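Asks: Okay, handing you the structure first.
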Amino acid sequence: MILKRKIVLIIFIGFLISSLTSFLNLKKYDQMDGITHGMLVGDTIAIWIEAEHLKKDLHSGKNFFSSGTEYMRTYLPSKLIALYSYAVGEKLFENLENRKIQKKNGKLGFLILQSLLYYFALFFFHKKILDFYNYDHPKCFFITGFLALEPTLIQWHSSFWTESIFLSLQLITLGLIIHKANNKFFSFIPGIFLGLMYLQKTVAMFFIFPVIFYLIISKKKHRIISIGSLIFGFSIILLILGYHNFKRSDIFYVTAGQTKIAHFHYLVPQVISKKNNIPISEAFKKITEYKNNWIKVNNVDVNKEKDRRKLYNFQQIFALKFFLNNKITTTKIFINNTFHFGFLNPQQVYFWHKYNTINSEVEYYRSSDHKNWLEERVLYSLIVYFIVFVGIFYSFKKKKYNNFNFFIILSIFYYTFMLGWMGNPRYFIPAFMLFSIFFGEGASLIFKKFFKYKTYF
């Protein structure tokens with residue numbers, strides 16, 4: 001009972017820290033003058049623009065599935081922003097043309113709501129993981145404490161990026177996966193949540209495969225039914241997404257435009273730059289010229305969504321062929337991206353930076369803010385990773401939960417692979433969250449060795 005109260009208290013403290021951080025961030029950025037609001041940079045401003053267009057379409061009498069803009073980035077965030085804006089009865093923009101964000105439009109309320117969702121999801125996950133680990137209180141205490149208070153994670157709840165709600169959905173999904181694992185039809189519900197994860201952030205597109213792997217190795221019977229149920233739940237979400245795109249554009253598709261073109265715009269220029277020893281700007285000019293020539297030769301009208309989808313397909317295929325023809329250079333950049341953004345640039349915090357332009361990441365990395373507390377952040381990360389690796393070693397040594405451990409390791413590799421491709425530390429956050437499983441194991445072991453165990457648990 002006492003431990004349960006401690007867990008509730010830790011979760012509540014995490015929520016308070018998150019809410020206070022949100023308040024302080026908004027207070028700081030609301031006082032700034034710039035091209036746009038400082039907390040709405042990069043993809044976030046595009047999501048808000050999509051939300052505004054959705055609201056206008058709905059107000060004009062269009063039904064939901066015929067409303068909105070092209071499925072370019074991610075599906076769910078703009079819908080949630082639009083819903084919240086409608087609920088509080090305020091406009092998102094003072095002026096949409098110049099991206100002038102309303103200063104007082106209930107942004108704090110949205111941040112608090114997404115924090116509430118995360119800490120509710122965490123409480124749900126704690127209950128499921130406690131049962132799964134057969135009420136191993138110390139381990140579960142450290143797992144939940146890490147997820148509630150770890151600053152690398154907590155910072156995302158005070159931002160408008162897609163991470164906070166995505167992490168909430170991932171926690172709920174993991175809790176559902178380990179809940180009633182032997183129920184042959186129960187996988188339908190985790191399948192739904194896997195679909196919602198994808199709608200929130202496209203990085204989860206193939207996360208269903210590690211889950212299928214877990215079902216295969218953990219279930220002694222009814223594997224086929226469970227996997228079929230999981231895929232069915234996931235497919236329902238994809239069908240809804242495809243139907244929305246079809247009703248709006250007469251094209252049935254479920255892959256975001258940015259997913260198709262990301263490698264062409266981000267990784268291909270890196271490979272060209274490194275291979276030819278030229279600035280990244282020059283490399284980008286080369287692929288832009290190549291793209292424009294393809295548009296001209298193929299008579300593509302980029303103002304039409306159907307034609308743009310043809311262009312996206314071309315860019316995707318070109319990038320994949322290019323990587324195959326430049327395997328060594330691509331591999332080097334992939335490894336560099338993985339280690340730099342996953343390990344050598346810990347606790348990436350670019351929304352703490354005082355932005356005055358829309359180009360958030362470029363501005364951040366050129367600023368002194370990027371170097372602030374860098375040594376301390378690296379040291380902190382090394383301590384965390386040490387505890388995690390102790391936990392990994394000890395977990396597999398015990399062999400009791402190896403199936404689940406393999407699933408978590410595979411999931412971490414999945415997100416790390418995505419990080420290498422995209423070269424953005426945000427893609428590593430879901431993997432970092434999964435480290436909590438092994439952090440709990442490692443911290444529990446260390447605590448047992450150096451402290452009076454029963455005094456606290």
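Asks: Check whether at least one residue in the range 129-137 is assigned to a helix (DSSP H, G or I), within 24 Å of residue 387 (Cα to Cα), at pLDDT 95 or above and in contact with a Phe, Trp or Tyr (Cβ under 7 Å, 6 or more places away or on another chain), and report yes or no.
Replies: No, there is no match, as no residue in the range 129-137 is assigned to a helix (DSSP H, G or I), within 24 Å of residue 387 (Cα to Cα), at pLDDT 95 or above and in contact with a Phe, Trp or Tyr (Cβ under 7 Å, 6 or more places away or on another chain).
Asks: Please tell me if residue 372 is surrounded by 17 or more Cβ atoms within 10 Å (Cβ to Cβ) and either out of contact with any strand residue (DSSP E or B) (no Cβ under 9 Å at 6 or more places or on another chain) or modelled with pLDDT of 75 or more (or both).
Replies: Details: surrounded by 17 or more Cβ atoms within 10 Å (Cβ to Cβ): no; either out of contact with any strand residue (DSSP E or B) (no Cβ under 9 Å at 6 or more places or on another chain) or modelled with pLDDT of 75 or more (or both): yes.
No; evaluated as a whole, the condition is false for this residue.
Asks: Against the condition in a helix (DSSP H, G or I) and either touching a residue at least 24 places away in the same chain (Cβ under 8 Å) or farther than 21 Å from residue 193 by Cβ (or both), how does residue 239 come out, does it pass? Walk me through how you get there before you give the answer.
Replies: Numbers: in a helix (DSSP H, G or I): yes; either touching a residue at least 24 places away in the same chain (Cβ under 8 Å) or farther than 21 Å from residue 193 by Cβ (or both): no.
The answer is no for residue 239.
Asks: Can you find a residue in the range 74-81 that is of a type outside the set (Val, Ile, Thr), modelled with pLDDT of 90 or more and not in a helix (DSSP H, G or I)? Can you show your working first?
Replies: Applying the first criterion (of a type outside the set (Val, Ile, Thr)) to the range 74-81 yields 75-80.
With the extra rule that they be modelled with pLDDT of 90 or more, the set shrinks to 75-80.
If we keep only those that are not in a helix (DSSP H, G or I) as well, we get 75.
So far as the range 74-81 goes, yes, one or more of its residues are of a type outside the set (Val, Ile, Thr), modelled with pLDDT of 90 or more and not in a helix (DSSP H, G or I).
Asks: Is it the case, given these coordinates, that residue 45 is modelled with pLDDT of 85 or more and part of a helix (DSSP H, G or I)? Reasoning before the result, please.
Replies: Values: modelled with pLDDT of 85 or more: no; part of a helix (DSSP H, G or I): yes.
The answer is no for residue 45.
Asks: Another question about this same structure. Among the residues of the range 293-311, are any more than 30 Å from residue 245 (Cβ to Cβ), part of a loop (DSSP other than H, G, I, E, B) and touching a Lys or Arg at 6+ places or on another chain (Cβ under 9 Å)? Talk me through it step by step, then tell me what you get.
Replies: Our first condition is that a residue be more than 30 Å from residue 245 (Cβ to Cβ); within the range 293-311, this holds for none.
No.
Asks: Right, here's the next one. Give the residues of the range 256-290 that are of a type in the set (Val, Ile, Thr), under 30 Å from residue 188 (Cα atoms) and touching a Phe, Trp or Tyr at 6+ places or on another chain (Cβ under 8 Å), sorted by residue number.
Replies: So in the range 256-290, the residues of a type in the set (Val, Ile, Thr) come out as 259, 261, 268, 271-272, 278, 280, 287-288.
Imposing the further condition that a residue be under 30 Å from residue 188 (Cα atoms) reduces the set to 259.
Passing the criteria: none in range.
Asks: Could you tell me which residue of the range 197-210 is surrounded by the fewest Cβ atoms within 10 Å (Cβ to Cβ), considering only residues that are in a helix (DSSP H, G or I) and either out of contact with any Ser or Thr (no Cβ under 8 Å at 6 or more places or on another chain) or among the aromatic types (Phe, Trp, Tyr) (or both)? So that I can check it myself, show each step before the final result.
Replies: From the range 197-210, those in a helix (DSSP H, G or I) are 197-200, 202-204, 208-210; that's our starting set.
Then keep just the ones that are either out of contact with any Ser or Thr (no Cβ under 8 Å at 6 or more places or on another chain) or among the aromatic types (Phe, Trp, Tyr) (or both); that gives 198, 203-204, 208-209.
Numbers: 198: 26, 203: 24, 204: 23, 208: 21, 209: 12.
Taking the candidates together, the pick is 209.
Asks: Can you spot a residue in the range 149-156 that is over 19 Å from residue 17 (Cα atoms), at pLDDT 90 or above, of a type in the set (A, V, I, L, M, F, W, C) and under 21 Å from the mean Cα position of the chain (by Cα)? Break it down into steps so the answer makes sense when it comes.
Replies: First, pick out the residues of the range 149-156 that are over 19 Å from residue 17 (Cα atoms): none.
So far as the range 149-156 goes, no, none of its residues is over 19 Å from residue 17 (Cα atoms), at pLDDT 90 or above, of a type in the set (A, V, I, L, M, F, W, C) and under 21 Å from the mean Cα position of the chain (by Cα).
Asks: When residue 271 is evaluated against the numbered criteria (1) part of a helix (DSSP H, G or I); (2) surrounded by fewer than 20 Cβ atoms within 10 Å (Cβ to Cβ); (3) among the β-branched types (Val, Ile, Thr), which criterion, by number, is the only one it fails?
Replies: Condition not satisfied by residue 271: (2).
The values are calculated or read from the model by the stated rules, or taken from the named source; none is laboratory data. Note that the coordinates shown come from a computational prediction; the quantities given were computed from them, not determined experimentally. When we count neighbours, we look across all protein chains shown, and the Cβ atoms used for this are built from the backbone with ideal geometry, even at glycine.
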